[in-house]
Amino acid sequence: MNRRYDLLIRNATIIDGARRPRYAGDIGVRAGRIADIGLLAAARAEVEIDAQGKIAAPGFIDAHTHDDRLLASDPAMTPKVSQGVTSVIAGNCGISLAPLVSASPPPPLDLIDDGGAFRFPDFASFLEELDSQPAATNVACLVGHTTLRVAAMSRFDRAATPEETARMQALAREALAAGAVGLSTGTYYPPAAHATTEEIIAVARPLKDYGGRYVTHMRHEDDRIAEAMEETFRIGREVGVPVIISHHKVVGRNNFGRSVETLALLRSAGERQSVCLDCYPYTASSTILRADRIALSSRILITWSKPHPEFAGMELAQAAAQLGLSQEQAVASLSPAGAIYFSMDEADVQRILRFDDTMIGSDGLPHDLKPHPRLWGTFARVLGHYSRDLGLFPLETAVHKMTGLTARNFGLKQRGLLKPGYWADITIFDAAEIGDAASFDQPTQKARGIDSVIVNGVPVWQNGRSTGARPGRVLRAGAAAARTRVD
Ligand code: ZN
Ligand code: CU
């Protein structure tokens, strides 16, 4: 049969994202979607890619990002497409760019601000801007509870009043109606730390009507992690929606090994409700600079500092010595600032990555001066270091954790698998070559071994660089997706 396609990938080894064993085949793409997979030797296409000796996999979905502003400020999405990512979930950890108009939002919202970034009074206007100025990748957005608190409250050192809670719930409903795929919280951070469980349940209530997810950076990831997990499960049960635990980890030397306990908790909760998690493949975390992390970390690196940008990349201990201050005092004088904390056990990270329901999410912070290498390295590191070199799981499982599993957990329709009828988000890579090059010293290095990255049928990354194409779409949930469908 002499079929014609827009794009044809020949001679690939196909890993389909559903954890099935790899097989040989060609992939024909038409009108942005996968038309056929099979032996298509006689077919012709406008654009042909020879994938001989390489893997073709579904484009990777970054389950956990803070790319809300990156989509506009670097629409090529270089840190992401260079490692094979074709879709990102934005708005994590309670931090979303909308709905909020604020010139100086409090930390941690400043992780994605450049002054003036918070300018969307409602979620619909944010998504419409993303629609009208597409990026290279697709994006699905969460609405952040901390953003809602800052929009609805004038002080954050207390629980919300019934009126403020009602206001946040209305804003959450508007976001979900516009197409947000869930609500994220970050009760670890000061602006949301005083939110009660009841406040969160009330704000999350509309999720059920829109098929949204409850996604959380929990109150505690150290000594009190079990208690924080119970709170998370309770919120999911009472609202009646799936729960996603963000960047699951156990922090602090005295908690090393406790992933045995937390994964058992997840497994038993999974028997009565829908729960899953994401994880990044490093033993160091990164967020705003905080004095209470000093005791929990063996080493702290500064990633940015507003008053002292010259300290980005330096150890906190060294910066403190230079300033003639204690580390606690240095935190105060460097803030607002960000940091990397070496505070996890490698065995815990591996145990969590291996867990069946664990998705891969980078949690990369794209606006940091000297970012954590997870921003540029996460996906290649899981495929190269953890799957191929350490043999933590087969390549088919590694791919599943960054594609099919993630699409299913976030309800992204017709994404995450190589399957006829599905959108043609495809990453072609060399299984022997794939690896992360980003390090703590040189964090903005492109991954090795990525050959081509295709979004909605259009190549966005080839020959080690961006093609300049911007075929990304906003992926909406439920009813909002049906309304805006342009198939
Ligand atoms: Zn977080
Ligand atoms: Cu995060």
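Pick out the one residue from A31, A35, A24 that is more than 16 Å from ligand 2 (Cβ to nearest atom), open to solvent by 20 Å² or more (accessible area, probe 1.4 Å) and either free of Cβ contacts under 8 Å to residues at least 24 places away in the same chain or under 17 Å from the mean Cα position of the chain (by Cα) (or both).
Values: A31 fails: either free of Cβ contacts under 8 Å to residues at least 24 places away in the same chain or under 17 Å from the mean Cα position of the chain (by Cα) (or both); A35 fails: either free of Cβ contacts under 8 Å to residues at least 24 places away in the same chain or under 17 Å from the mean Cα position of the chain (by Cα) (or both).
Answer to the selection: A24.
Keeping to the stretch 362-383, report how many residues are in contact with a Lys or Arg (Cβ under 9 Å, 6 or more places away or on another chain) and of a type outside the set (D, E, K, R). Step through it out loud before you land on a result.
Pass one, the stretch 362-383, residues in contact with a Lys or Arg (Cβ under 9 Å, 6 or more places away or on another chain): 362-367, 373-376, 379-382.
Filter again for of a type outside the set (D, E, K, R), leaving 362, 364-367, 373, 375-376, 379-380, 382.
Adding up the residues that qualify gives 11.
Report, by residue number, each residue of the stretch 217-259 that is over 24 Å from the mean Cα position of the chain (by Cα) and among the hydrophobic types (A, V, I, L, M, F, W, C).
Matches in the stretch 217-259: F256 only.
Rundown of residues vs (1) more than 30 Å from D114 (Cα to Cα); (2) in contact (Cβ under 8 Å) with a residue 12 or more places away in the chain, yes/no style:
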position	(1), (2)
E261	yes, yes
Q273	yes, yes
L296	no, yes
E310	no, no
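When the residues of the stretch 121-161 are narrowed to those that are part of a strand (DSSP E or B) and among the hydrophobic types (A, V, I, L, M, F, W, C), which ends up surrounded by the fewest Cβ atoms within 10 Å (Cβ to Cβ)?
If we filter the stretch 121-161 for residues that are part of a strand (DSSP E or B), which is where we start, we get 138-144.
Cutting the leftovers down to among the hydrophobic types (A, V, I, L, M, F, W, C) gives us 139-143.
Working: V139: 25, A140: 29, C141: 31, L142: 32, V143: 31.
Here the answer is V139.
So that you can scan it fast, the table gives a plain yes or no per residue for (1) open to solvent by 10 Å² or more (accessible area, probe 1.4 Å); (2) more than 16 Å from ligand 1 (Cβ to nearest atom); (3) of a type in the set (S, T, Y):
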residue	(1), (2), (3)
L39	yes, yes, no
Q52	yes, yes, no
D68	no, no, no
S87	no, yes, yes
A90	no, no, no
I112	no, no, no
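With the condition kept exactly as written, say whether any residue in the stretch 171-186 is touching a Ser or Thr at 6+ places or on another chain (Cβ under 8 Å), away from ligand 1 (no atom under 16 Å from the Cβ) and not small (G, A, S).
no
Show the residue pairs meeting these rules: Cβ distance below 9 Å; 6+ apart or different chains; first residue within the stretch 187-215 and within 16 Å of ligand 1 (Cβ to nearest atom); second residue acidic (D, E) and open to solvent by 10 Å² or more (accessible area, probe 1.4 Å).
Partner pairs satisfying both residue conditions: T187/E231; Y188/E221; P190/D157; A193/D157; I200/E231.
Which is away from ligand 1 (no atom under 16 Å from the Cβ), at positive phi and among the small types (G, A, S), of G270, G240? Quick ask: steps written out before the conclusion?
Numbers: G270 fails: at positive phi.
One residue alone meets the criteria, G240.
I'd like the full set of residues that are surrounded by fewer than 24 Cβ atoms within 10 Å (Cβ to Cβ) and not charged (D, E, K, R), limited to the stretch 70-81.
Residues of the stretch 70-81 that are surrounded by fewer than 24 Cβ atoms within 10 Å (Cβ to Cβ), as a first pass: 72-76, 78.
The answer is A72, S73, P75, A76, T78.
Which of the residues that make up the stretch 381-417 are farther than 22 Å from D357 by Cβ and either out of contact with any helix residue (DSSP H, G or I) (no Cβ under 9 Å at 6 or more places or on another chain) or acidic (D, E) (or both)?
G384, D389
Return yes or no: is S343 touching a residue at least 40 places away in the same chain (Cβ under 8 Å), within 16 Å of ligand 2 (Cβ to nearest atom) and over 18 Å from the mean Cα position of the chain (by Cα)?
Details: touching a residue at least 40 places away in the same chain (Cβ under 8 Å): yes; within 16 Å of ligand 2 (Cβ to nearest atom): yes; over 18 Å from the mean Cα position of the chain (by Cα): yes.
The answer is yes for S343.
Considering only the stretch 70-96, state which residues are over 22 Å from I15 (Cβ atoms) and within 14 Å of ligand 2 (Cβ to nearest atom). Break it down into steps so the answer makes sense when it comes.
Looking only at the stretch 70-96, we keep the residues that are over 22 Å from I15 (Cβ atoms), and these are 70-79, 90-96.
Of everything in the stretch 70-96, those that are over 22 Å from I15 (Cβ atoms) and within 14 Å of ligand 2 (Cβ to nearest atom) turn out to be L70, A90, G91, N92, C93, G94, I95, S96.
When the stretch 1-19 is examined, which residues are found to be outside any strand (DSSP E or B) and surrounded by 23 or more Cβ atoms within 10 Å (Cβ to Cβ)?
Restricting attention to the stretch 1-19, the residues satisfying the condition of being outside any strand (DSSP E or B) are 1-3, 15-19.
Across the stretch 1-19, the qualifying residues are I15, D16, G17.
Under 9 Å between Cβ atoms, which residue pairs at least 6 apart in sequence (or on different chains) link something in the stretch 81-101 that is part of a strand (DSSP E or B) with a partner that is among the hydroxyl-bearing types (S, T, Y) and within 13 Å of ligand 1 (Cβ to nearest atom)?
Final answer for the pair search is V85/T65; V85/S362; V88/T65; V88/S362; I89/T65; A90/T65; A90/S96.
Considering every residue within the stretch 37-58, establish whether at least one is charged (D, E, K, R), touching a Gly at 6+ places or on another chain (Cβ under 7 Å) and part of a strand (DSSP E or B). Show your work before the answer.
From the stretch 37-58, those charged (D, E, K, R) are 44, 46, 48, 50, 54; that's our starting set.
With touching a Gly at 6+ places or on another chain (Cβ under 7 Å) added as a condition, the list becomes none.
Looking for residues that are charged (D, E, K, R), touching a Gly at 6+ places or on another chain (Cβ under 7 Å) and part of a strand (DSSP E or B), one finds none in the stretch 37-58, hence no.
Is there a residue in the stretch 83-105 that is of a type outside the set (A, V, I, L, M, F, W, C), at pLDDT 95 or above, more than 15 Å from the chain's Cα centre (by Cα) and within 28 Å of G421 (Cα to Cα)?
No, because not a single residue in the stretch 83-105 is of a type outside the set (A, V, I, L, M, F, W, C), at pLDDT 95 or above, more than 15 Å from the chain's Cα centre (by Cα) and within 28 Å of G421 (Cα to Cα).
The values are calculated or read from the model by the stated rules, or taken from the named source; none is laboratory data. From a predicted model like this one, the values you see are computed outputs, not experimental measurements. Cβ: placed from backbone, ideal geometry, glycine included. Neighbour counts: every protein chain shown. Accessible surface is based on the protein model in full, side chains and every heavy atom, while ligands, DNA and RNA are left aside. Shrake-Rupley method; radii C 1.70, N 1.55, O 1.52, S 1.80 Å.
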